[in-house]
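These notes concern the structure reproduced below.
No lab work stands behind these numbers, since they all come straight from the coordinates. Model, not experiment: these values are computed from the prediction. Ideal geometry is used to build each Cβ from the backbone, glycine not excepted, and the neighbour counts take in all protein chains shown.
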Ligand SMILES: *Cc1c(COP(=O)(O)O)cnc(C)c1O
């Protein structure tokens, strides 16, 4: 049994039955040289089962392998499926750390509650991460902007076509090495304002990291692509006026420049996903002496702010890409405009570097956000 350095509490015991047919050193080195994102699994995975009678049981690490489900399994039809995403970083001293994993554990539990699923205790969530990263530590790449991406997920696995919360769940954790999200450097994206489709409505599942939210977003993403845009930006469902998120990332607006720069991120109304990167940046900005707050930004505010120069930069943030500048906006009903001349602004780059430096150990972890695994 391992112990969490954050709490001193014993983590959930995970039985170890690792793969005997993992990738060769040569094959792994080849993959780590150019991992892309989510293309190659590591050698192992963790899984555990929940039943109404027995609760969580049979937590084990085993070889990464296909799963087999009865065709009438709940999640295949009714979508009881949630997930998380976080990264493990290899630091210069050889240690391997994750960034705020208990935040992911808490959000995973909140997502489970929203979808009427069994919650995974944080001890099992973190215990699984520790077991898998220790076992597959050779899969954590070296180098700036490289990491091992961790994907925990939870599925309703009761068999039968009745519509009700499943009485059985499967928790899984897989890992995949990730390279620089922008192999050719950070470049501003163009965005399409989605006037016709909404991601999430009040009372819906927008706050939960559930698979269905992504399925529901793909048509708007495809529409953005037909208009030559990289990403879709979501508006609120009621007025179709307030900016919520960009694709699977949260947004930040920079008002003013230099010493008077001030950050505003859309406040969490219940239909936004509460990003851990978003929340961390509120703190990082403050420690850099940049005012940062939650607020409301309308489409008109955005367009007029860019025209007047009051809005100097806009960027999106999330675990996968850290920070992505937004350079151009297009829409069906509100026109088209550029943000900061479609260039990456200085506040965007400063925050991106500051956050990466904490995550990769280049700067001290003043906020106690890193969790050492090995
Ligand atoms: C995961 C996610 C984010 C970003 O959350 P992080 O914790 O920062 O990775 C933002 N929006 C949506 C819709 C998401 O699913």
For this session: Distance from a point 7 Å along Cα→Cβ of residue 365 to each backbone N in the stretch 66-92: keep the residues under 20 Å and list them by number.
Result: 85-92
For this session: Give me the percent of DSSP beta bridges within the chain that run antiparallel, rounded to the nearest 5.
Result: 80 percent
Exercise. Hey, could you pull the Cα Rg and Dmax for the stretch 15-180, both in Å?
Worked result: 16.4, 53
Problem set entry | Hypothetical label at residue 260: residues of the stretch 325-359 whose amide nitrogen lies under 20 Å (7 Å Cα-Cβ projection) | 340-341, 345-348
Problem set entry | Over the stretch 138-276, volume per residue of the alpha carbon convex hull, in Å³ | 182 Å³
Seminar exercise, completed: In whole percents, the bins of 10 Å from zero upward hold the Cα-Cα pairs of the stretch 253-300 as 25, 53, 21, 1
Exercise. Stretched out fully, how many nm does the piece from residue 102 to residue 374 gain, at 0.36 nm a residue minus the Cα gap?
Worked result: 96.2 nm
Exercise. Quick one: helix 122-135 against the long Cα principal axis of the chain, what's the angle to the nearest 10°, folded into 0 to 90?
Worked result: 80 degrees
Exercise. Over the chain, how many percent of alpha carbon pairs lie in each 10 Å bin up to the one with the longest distance?
Worked result: 5, 23, 31, 26, 13, 3, 0
Exercise. When the chain is modelled as a GNM with alpha-carbon springs shorter than 10 Å, which of 152, 183, 274 fluctuates the most?
Worked result: 183
For this session: Figure the gain on full extension for residue 51 and residue 293 (residue separation times 0.36 nm, minus the Cα-Cα span) and round it to one decimal in nm.
Result: 82.8 nm
For this session: In a Gaussian network model over the chain where Cα atoms closer than 10 Å are linked, find which of 142, 158, 286 has the largest mean-square fluctuation.
Result: 286
For this session: Tell me what the chain gives for mean residue ellipticity at 222 nm when only DSSP H runs of n ≥ 4 count, each as -39,500 (n - 2.57), the sum divided by the residue total, rounded to 500 deg cm²/dmol.
Result: -8000 deg cm²/dmol
For this session: Please determine, in degrees from 0 to 90 and to the nearest 10, the orientation of helix 346-360 with respect to the longest principal axis defined by the Cα atoms of the chain, where the helix direction is its Cα long axis.
Result: 10 degrees
Problem set entry | the stretch 15-180: relative contact order as a whole-number percent, Cα under 8 Å and 6+ apart | 34 percent
For this session: Quick one: plug the Kirkwood hydrodynamic radius of the stretch 213-329 (C-alpha pairs) into Stokes-Einstein at 37 °C, 0.692 mPa s, and report D in µm²/s.
Result: 223 µm²/s
Seminar exercise, completed: Taking Cα pairs closer than 8 Å and at least 6 residues apart, the relative contact order of the chain in percent is 18 percent
Problem set entry | Dimensions in Å of the stretch 27-70 - Rg and Dmax from alpha carbons | 15.1, 46
Exercise. Pick from 304, 207, 84: which residue has the top mean-square fluctuation in a GNM of the chain where Cα pairs under 10 Å get a spring?
Worked result: 304
